[in-house]
1. Work out, in µm²/s and without decimals, the Stokes-Einstein translational diffusion coefficient of the stretch 72-124 at 20 °C, 1.002 mPa s, Rh from Kirkwood over C-alpha pairs.
2. What does the charge dipole of the chain about its Cα centre add up to, to the nearest 20 debye, if the Cβ of each Lys and Arg holds +1 and the Cβ of each Asp and Glu holds -1?
3. Looking only at chymotrypsin sites (Phe, Trp or Tyr not before Pro) in DSSP loops with at most 16 other Cβ atoms within 10 Å, what is the longest site-free stretch of the chain?
4. Apply the Debye scattering formula to the stretch 423-471, with a single equal point scatterer on each alpha-carbon and no solvent, then give log10 I(q)/I(0) at q = 0.20 Å⁻¹.
5. Rank PRO370, GLY208, GLN278 by how far each Cα sits towards the positive end of the charge dipole of the chain (+1 on Lys, Arg Cβ; -1 on Asp, Glu Cβ) and give me just the farthest.
6. What distance in nm separates the simple spin-label points at HIS122 and ALA102, each placed 7 Å from Cα in the Cβ direction?
7. Along the charge dipole of the chain, Cβ charges K/R +1 and D/E -1, which of ILE191, ALA392, VAL426 sits furthest on the positive end?
8. ARG243 versus GLU491, label points 7 Å from Cα toward the beta carbon: distance in nm?
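The values are calculated or read from the model by the stated rules, or taken from the named source; none is laboratory data. These numbers come from a predicted model, not from an experiment. Backbone-built Cβ (ideal geometry, glycine too); neighbour counts: all protein chains shown. These area figures cover heavy atoms from the full protein model, side chains too; ligands, DNA and RNA do not enter into them. Shrake-Rupley method; radii C 1.70, N 1.55, O 1.52, S 1.80 Å.
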Amino acid sequence: MKPTFHFPLLLATIVLLAGGDPAFAFQDAASGAQSTEPETEVISLTLTPAGEPVPALKYKLLPPGMNLTEGNAATFYYRAILAMPSNNDQSSQYPEMLQKWADIPIEQLPKDEIRAVLPHYHSALGELHTASTRRDCEWSLEIHQLEGPDVISFRLQELQPLRTLARVLQAKSRLQIADGQFDDAVRTMQIGYRLAQDVGKEPLLINGLVGMAISSIMNQALTDLIDTPGSPNMYWALTHIDRPLVDLQPALRYEMGIGFRVFPFLQDPETSERGAAQWAEVYANMFEDFNLLAPVSGSRSKGFPWQLSKRLGGMGMVMLVYPNAKKQLIERGYSPARVEAMPAGQVVAIHAKLAYEKISDEHAKWYGLPYWLAKDGMDRAQHELTQGSPLARTLHSGPAYPIAMLLLPAVNKAMAAHARFDRDLVGIQAVEAIRLHAAKHGALPESLGAITDAPIPPNPATGELFPYRVEAGKAILDLPPVNGANAKRYEIVIEKN
């Protein structure tokens, strides 16, 4: 196989000059997937009517605040990881077994298998329980001190074990549901939902996404509970769970400034006293960092003079952007004499900083709104970033364009994932409202608006009620796709007590 060279900025410049669109190669290569019509996950439920508990808030999906004690939950989460079974031939099969058990209907659960495995996680489960009773969770990762490629390459090795432990909690709660121990199952789910909330507290998008994934695992267990005859109604428990359970706002604020952390030269270009040679080194390093960060597979040729190539790539970027950067700074009110006196690299850096701030703010300003209000604005900001020829975008924004294309699409996708996450919680709440209505009126509601004792919030992704209809004695509750992905449909039959 011939060696391949991956110099994203140089490659992009060649593609730009050829009239193509790298798109950028970073994001498309990362997915490699073709867009398809969203599939609909169908969830069939046979529910027994259940009115609200007495007292109404008897059940909670997070440990009650009055039961929390002082201390840092993160310490006990790390202890839980250390207490997991050692990786031997037997225990290495547990994650696969846990996943398999999650997909088996409750009535078909291999109870003996689960009972045989859970004792191996006894100590870890004890540490998780202790963590769930602590008032605070401070991971102390010191991410704000990271700079350069370390911002992206920083490893969070604790996240995957915590996801595995969420599967253990799911298996334990499903076993308790199968045994009719509903109160115990809810207490187990409390630990899982608290784990999801605490994992999401570190202001990184990956933490938020893993927190939402853990909550989704608990949602599966909660749906199993609801679908089991004799189970309590969880409508009010869902109403009083923290919203948002996983708060992405701190992570969004951190991620929107990540361009300045990955490329620190953007932080102070106006006051920098670098000379021309130093600026050349800055762009050479930036060029190399892009190669480290861009999700493009392959390897460098050992025989290629890499130090020379990165310098040529950095110089090429400056030469390509400098004339337009100088023109735009003067149009912004910078003194022509001052601009002419600056090294070309400094002019391009100031221009890139201003462009990145503008691009970043055009995205970030929407993140404080509900998704259904923000989506169109985010789409417009993304369209503005990508409209026109790639060459024109690079000439107009300089290094800000590839930096933004490398970072911002992930933030927008995280917003969509969070909307799906909120939609799913409200969807389960709607199912419980239907069950509560059936308990009082003896029949399915003809419309969601007919449910008066348990109001259903609008779909967080659309701002409207979920589509709902009754066909031949079956209720159909649709959870539309968010951003073209992950539609769900509940098909509900009410079984008489």
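1. Working: Rh = 12.4 Å.
It comes out at roughly 173 µm²/s.
2. Details: 45 positive and 54 negative charges, 144 e Å.
Computed about the Cα centre, the dipole is about 700 debye.
3. Values: sites that count: PHE5, PHE154.
That gives 155-497 as the longest site-free run.
4. So the normalised log intensities are -0.61.
5. The listed residue farthest towards the positive side: GLN278.
6. In this crude label model, HIS122 to ALA102 measures out at 2.6 nm.
7. ALA392
8. 3.0 nm
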